[in-house]
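Step one of this worksheet: look at the structure below.
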Amino acid sequence: MSKRLLTLFFAAIFCVCLLAACGTNSNEPVEETSDLVFSDVKVECSNRDGFFGGRYANFTVTGSVTNKSGSPVNEDNMPKLITAGDGGEEIKADLSQDKLLDGETCDISYEHEFDITHDALPTLSFSCKLSTEGLEDAEKELNSGLGEVADGYASKDAEREAEKKAAEEKEQQEKEAAEQAKKAIEDCKGKTADEGLKAAKDANYSASFEDKDGVDVTDDVEDASNKSDVHKAKITEVEVTNFLGDYVTFTLDYEDPEAKKAREEEAKAKEEAEAKAKEEAEAEAKRKEEESKVLTVDNCEDLAKLLGVSDQGDPFIGEFAEKYDGRKIEFDAIVLDAQSHNGANKRLDILLMPGDGARGPYLKFEDVNAGYDMHWNGNRPDNITADLKLHCVAEVVKYNDNQQILFLDPVETSVR
C-alpha cells in the first residue's frame, strides 16, 4: 500500500512540473516553468465504505496556477494533470473543466478511489505553497509528508494485525476454557452432589439434580442447611447441554425421602389392591365352580334333606329352591304322571317324585318336549308314562308353595 501512495504523490510532484512547463499567460503561451506560480497545493487522503464491501481511499490534489503577474493561465491552453492509479493505469484530469475563480486563480482538483485495506483509516492531509522559486523545498516537503502518510499506514496495519492476533488468541483461550470446563463437568461422574454443584458453578454452568427415579432434587442440593444425605449422594450420570446456554443435569444415586415414602405407600396400596382383587377373583372362581358343580346327596346335605322330606308342603322345600336357584342337582326319580301341556301334541308336563316315590317333594318338568328337551343319555324310551324310573340331572327353577311343586329344567336324563 505504501508503494501506491509513493507512486501517487511522486506523480503529483511530476504534475506540478508539467504544469510549470506547459502553462501560458493570458495572451501568449508560457513555455518555461519559471513563468508559472503554483500556490496552495494540497494533497488529501480520506476513506469510506465501498458499495459492494471493502474500504476505499479518496486522494485529492488541489492547488492554484497563475503567471508571475498574478493572472490565471489561459483557459484554452490548460495542461493535463497526469498521475498513476492503483492498477498503474494513467489517469488524466482536464484542468479546463475546473472553475476559474473570478480571473484570479484556477483550482486544480482530481479525485480517485481505490481499495487500500479492509479496515478504516483516519483522514490524512497536508498542504504547501508551491512556486518556481520554492519547487525543491516543496518537493522536499511533499516527500516528508508522504513519509508521514506511509508511516501512518504502516502503524495502522501493525495495530490492526496486533488487534487481530489478540482477538484470535482470546477466542482460542475462551475455546480452551470452555472445553476444560466441559471436561471438568463430565469428570464429576462418581463424585458427590456437592462436588458436582461446585464444579458447575466454577464452570458457570446451570446445574440441575435428579434422583434415580427422575425426581428433581436441585433445591435440596443447593440448600446448605438441608441435612439429608442428598449432599453426599454419588453422581451416576452427567448430561451436558450447550443449546442457548451451558446446562448440566446430574443424576444421583439417591431417593428423595418424601418421594420414597409416597412410592412405598403407593406400592403397598397397589399390593393390597392386587391381593384383594386376587382374593375376589378366587372367590368368584370358587363360586362359579360351586355353581357349575352338580349337587348330589353325597356332596350336599341340603339335597339329601330335600329328597327325604315326608311332607310336600314342608317350608324347607321353598328355602332350598331359593338357596340353590339355578344350581344343578342329581337324583333318581320315578314318573308319577305325564300329561299334554295345555293340549299340545308334543309338549308334556311330567310330575316326578324322588327315588321310587316313597317320600320326597313333588318335582315337575313343565312344558318339555319328550325328545330333545329331556337330553336323553342312552336309550330313549318310546313313551313317558307313570312308573318310568329315571336318573336325572336338572336345574332348580322355582317352588310353587300353593301347588307344593318344585319346578326343574332337565339337563340330562336316562332310564334306570
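The values are calculated or read from the model by the stated rules, or taken from the named source; none is laboratory data. Here the structure is a predicted model, which is why all the values come from computation and not from measurement. Backbone-built Cβ (ideal geometry, glycine too); neighbour counts: all protein chains shown.
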The conditions are (1) farther than 24 Å from A259 by Cβ; (2) at pLDDT 90 or above, and D211 fails exactly one of them. Which is it? (1)
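This table checks each residue for (1) surrounded by fewer than 19 Cβ atoms within 10 Å (Cβ to Cβ); (2) in contact with a Ser or Thr (Cβ under 8 Å, 6 or more places away or on another chain); (3) of a type in the set (S, T, Y); (4) closer than 11 Å to V240 by Cβ.
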| position | (1), (2), (3), (4) |
| --- | --- |
| Q180 | yes, no, no, no |
| I185 | no, no, no, yes |
| A193 | no, no, no, no |
| N204 | yes, no, no, no |
| A207 | no, yes, no, yes |
Just one of G326, G313 is out of contact with any Phe, Trp or Tyr (no Cβ under 9 Å at 6 or more places or on another chain) and closer than 25 Å to A386 by Cα; which is it? G313
Quick one: is K260 surrounded by 10 or more Cβ atoms within 10 Å (Cβ to Cβ), modelled with pLDDT under 90 and not aromatic (F, W, Y)? yes
Out of (1) at pLDDT 85 or above; (2) more than 30 Å from R263 (Cα to Cα); (3) surrounded by 12 or more Cβ atoms within 10 Å (Cβ to Cβ), the one E168 does not meet is (3)
Per-region count, the stretch 196-222, residues closer than 19 Å to E179 by Cα and not aromatic (F, W, Y): 11
Inspect all residues belonging to the stretch 310-331 and state whether any of them is among the acidic types (D, E) and closer than 18 Å to R416 by Cα. yes
One residue is enough: does the stretch 233-255 have a residue meeting the conditions of a type in the set (K, R), surrounded by 11 or more Cβ atoms within 10 Å (Cβ to Cβ) and touching a residue at least 24 places away in the same chain (Cβ under 8 Å)? yes
Counting just the residues of the stretch 338-366 that are surrounded by 13 or more Cβ atoms within 10 Å (Cβ to Cβ) and of a type in the set (D, E), which one comes out farthest from D382 (Cα to Cα)? E366
Every residue from the stretch 385-404 that is surrounded by 19 or more Cβ atoms within 10 Å (Cβ to Cβ) and either modelled with pLDDT under 95 or among the β-branched types (V, I, T) (or both): V393, V396
Determine, yes or no, whether A321 is part of a helix (DSSP H, G or I) and in contact with a Leu (Cβ under 9 Å, 6 or more places away or on another chain). yes
